[in-house]
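Please treat every number below as a calculation from the coordinates, not as lab data. Note that this is a predicted model, so its numbers are computed, not measured. In this analysis, Cβ positions are derived from the backbone assuming ideal geometry, glycine residues included, and neighbour counts consider all displayed protein chains.
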Amino acid sequence: MAQGQAVAVHATGFGYTGRSHFEGQDVMQSGVAKPYASASGWLGRAMRVAQSEGGVAISIPMPLILRGDPASETQYPSWMQAPPKATYELVSQLWADVPELKPYAARLIGSDNVRLAADGTPEPNQQRRTAYSLAKEAAQKMQLPGGPIVGVLDFNGFDTHAGQGAAEGVNATKLKQIDDAIRGYREGIGDKWAQSLVLTVTEFGRTASVNGTLGTDHGWGSCVLAAGGLVKAKGIVSQWPGLKKSQLFEGRDLKVTVDALAVYADALQSVFGLPPEVIQKEVFSYARDSFESRLFI
């Protein structure tokens, strides 16, 4: 934040006020107010409209948020140890004369499925599956000529109903993973950090007060974290609703005062150059409020 390359937009959320992870995740990824009403996600639709070069989801299966863009794909290190690179090259040769498989031969080699350690042996996959390594690997793919321009990482484990902790504990450990992912991406993307934007997306927040088991339950308002060279604002941006019980939603949750999709629409304008009317018509099915302060260049 001191360098003006990070911002937290507080008291954000979606039109969904239920407390179901499944419905909330569908709304946050689809960009549609009604759960299970869309088979595509807002990011995938934006990339299709912008005719982008595709994205990569470091997850299995393809997350809903990226669906709708035919050029995007998923990649994730297998739990199995990778075979030697010579094996991939042999398979590629075998596929070279099969029309149905030939298009995938080059991708098999070019997908960087094999990461070699200093001694030339395949790098253990458990080392590749940390938040830092996954984000760095995604960034390195984005550095390649013709590589993806969007990367999506899935995180879970924030459902801290008990033993949440404060500066230490389960929640702090999960937040460190996000910090590690941003650090890995910044190292992997190199000089392109100046043209980069990292955003967090979550289905809902947590209750304003701890419960009887020293955790927090499903709440409404949350926040969006953003980092990268495209960030214009810095520090904390919020239309703060207050934390008095009378100011809380249903007496327990931080109220939503900023539509999260308005923040993401701002990002789509900056990254893809899509005008607001196209985003409204082709990407999001609803928009309650406009977010007047520009967060991104």
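Write down the percent of antiparallel bridges among all DSSP beta bridges whose residues are both part of the chain, to the nearest 5.
For the chain, the DSSP antiparallel bridge percentage is about 50.
Find the Rg to Rh ratio for region 207-268, where Rh is the Kirkwood radius over alpha-carbon pairs and Rg uses the same atoms. Can you show the working numbers first?
On the way: Rg = 14.1 Å, Rh = 13.5 Å.
Ratio of gyration radius to Kirkwood radius for region 207-268: 1.05.
Name the residue farthest towards the positive end of the dipole of the chain from the options 216, 267, 86, assuming +1 on Cβ of Lys and Arg, -1 on Cβ of Asp and Glu, about the Cα centre.
Positive-most Cα among the choices belongs to 216.
Which value in deg cm²/dmol, rounded to the nearest 500, describes the helix-derived mean residue ellipticity at 222 nm for the chain, given -39,500 (n - 2.57) per DSSP H run of n ≥ 4 and division by the residue count?
Details: 8 runs with 88 residues, N = 297.
About -9000 deg cm²/dmol.
Using all Cα-Cα distances in the chain, what percent lands in each 10 angstrom bin from 0 up to the longest?
Result returned by the calculation: 6, 24, 34, 23, 10, 3, 0, 0.
Using only Cα atoms, find the angle between the long axis of helix 85-95 and the longest principal axis of the chain, and express it within 0 to 90 degrees, rounded to the nearest 10.
Between the helix axis and the principal axis of the chain, the angle is about 80 degrees.
Given +1 on the Cβ of Lys and Arg, -1 on the Cβ of Asp and Glu, and no further charges, what dipole in debye does region 180-233 carry about its Cα centre, rounded to the nearest 20? Walk me through the intermediate numbers first.
Working: 5 positive and 5 negative charges, 36 e Å.
The dipole magnitude comes to about 180 debye.
Test of understanding: in a Gaussian network model of the chain with alpha carbons linked when under 10 Å, which of 106, 181, 194 would top the mean-square fluctuation ranking?
Its mean-square fluctuation being the largest, the pick is 106.
Report the percentage of all Cα-Cα pairs in region 1-85 whose separation exceeds 16 Å, rounded to a whole percent. Let's see the in-between values first.
On the way: 2314 of 3570 pairs.
Roughly 65 percent, rounded to a whole number.
Treating only the Cβ of Lys, Arg, Asp and Glu as charged (+1, +1, -1, -1), what charge dipole size does the chain show about its Cα centre? Round to the nearest 20 debye. Don't skip to the answer; put the middle values down first.
Values: 28 positive and 29 negative charges, 104 e Å.
Here the chain has a charge dipole of around 500 debye.
What list of ³J(HN,Hα) couplings, whole Hz, do you get for region 48-55 from phi and the Karplus terms 6.51, -1.76, 1.60, once you set θ to phi - 60° and write x for glycine and proline?
Result, rounded to whole Hz: 5, 5, 7, 6, 6, 8, x, x.
What's the longest piece of the chain with no exposed GluC sites (Glu not before Pro), counting a site as exposed if DSSP puts it in a loop and it has at most 11 other beta carbons within 10 Å?
Details: sites that count: 100, 168, 250, 292.
No qualifying site falls inside 1-99, the longest such stretch.
Among the chymotrypsin sites (Phe, Trp or Tyr not before Pro) in region 1-100, which ones are in a DSSP loop with at most 15 other Cβ atoms within 10 Å of the Cβ? Mind listing them? Before the final figure, lay out the partial values.
Details: sites: 14, 16, 22, 36, 42, 79, 88, 95; in loops: 14, 16, 36, 79.
Those that pass, being in a loop and sparsely packed, are 36, 79.
Using +1 at the Cβ of each Lys and Arg and -1 at the Cβ of each Asp and Glu in the chain, identify which of 162, 258, 133 lies farthest towards the dipole's positive end.
258
Sort out the exposed loop trypsin sites (Lys or Arg not before Pro) in the chain (DSSP loop, at most 13 other Cβ within 10 Å) and tell me the longest stretch that has none. Don't skip to the answer; put the middle values down first.
Values: sites that count: 244, 288, 294.
The segment 1-243 is the longest one with no such site.
Summing +1 for each Lys or Arg and -1 for each Asp or Glu, what net charge is found among the other residues whose Cβ lies under 14 Å from the Cβ of residue 63? Let's see the in-between values first.
Numbers: positive: 45, 67; negative: 26, 69, 73, 154, 203.
Value of the local net charge: -3.
What does the convex hull of the Cα atoms come to per residue for region 129-218, in Å³? Before the final figure, lay out each step's value.
Working: hull volume 9.3 nm³, N = 90.
Taking the convex hull of the Cα positions in region 129-218, it is 104 Å³ per residue.
Using Cα centres only, tell me the gap between region 134-158 and region 202-233 in whole Å.
23
If the reach is capped at under 17 angstrom between alpha carbons, list the aspartates and glutamates near residue 232, excluding any in the same chain fewer than eight residues apart.
Answer for residue 232, where 17 Å is the Cα cut-off: 266, 292, listed by chain and number.
Give the angle, between 0 and 90 degrees and rounded to the nearest 10, that separates the Cα long axis of helix 260-272 from the longest principal axis of the Cα atoms of the chain.
So the inclination is approximately 40 degrees.
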